[in-house]
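Notes follow once the structure below has been shown.
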Amino acid sequence: MFSVKPSPIHGHGLFATELIPAGTILGQLQGQWTAQDGPYVLWVDEQRGFEVTCDLRYVNHHADPNAAYMDDLTVVALRDITPGEEITHDYGGDDFEYETDQAA
């Protein structure tokens with residue numbers, strides 16, 4: 001569904017290897033809880049972070065993203081993502097509001 005490659009946005013990125021339809025679940029974040037900062041740590045509060053260890057850690061920021069968090073750990077495609085397109089998320093954006101009619 002996707003692979004890690006060098007990114008024009010930053011370092012490495014996650015790129016679609018096939019058409020990913022809108023509403024597709026790209027995966028769930030996997031990792032471990034930590035109190036230390038790092039490049040792939042998502043902070044839950046001031047004392048607890050979650051260090052992402054799966055390929056989803058390579059989802060880079062974009063102001064017009066094609067993916068978002070459906071909940072704290074699940075990443076979903078907001079729109080169709082074409083083969084070769086980088087999968088992105090708005091790091092400062094609002095939480096994804098899932099509408100069941102979009103998935104139908």
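Computed from the coordinates by the stated procedures, all read-outs in this text should not be read as laboratory data. The shown structure was predicted, so the numbers you read here are calculated from the model rather than taken from an experiment. When we count neighbours, we look across all protein chains shown, and the Cβ atoms used for this are built from the backbone with ideal geometry, even at glycine.
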Estimated FRET transfer efficiency when R0 is 22 angstrom, pair GLN36-ALA63 (beta carbons, to 0.05):
0.15
Which Cα, out of VAL76, ALA63, GLY27, lies furthest along the positive dipole direction of the chain (beta carbon charges, K/R +1, D/E -1)?
GLY27
For LEU42, LEU26, LEU19, which order do you get if you count the other beta carbons within 10 Å of each Cβ and list the fewest first?
LEU19, LEU42, LEU26
So what's the back-of-envelope 222 nm ellipticity for the chain, counting only DSSP H runs of four-plus at -39500 (n - 2.57) apiece and dividing by all residues, rounded to 500?
-500 deg cm²/dmol
Cα-based convex hull, the chain, per residue volume (Å³, whole number):
98
Rg in Å to one decimal, and Dmax rounded to a whole Å, for the range 4-45 via C-alpha atoms
13.8, 37
Quote the charge dipole size of the chain about the Cα centre in Debye, to the nearest 20; the model charges only the Cβ of Lys and Arg (+1) and of Asp and Glu (-1).
460
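Suppose we flag chymotrypsin sites (Phe, Trp or Tyr not before Pro) only when DSSP calls them loop and at most 16 other Cβ atoms lie within 10 Å. Which is the longest uninterrupted stretch of the chain?
Working: sites that count: TYR40, TYR91, TYR98.
Here the longest segment lacking exposed loop sites spans 41-90.
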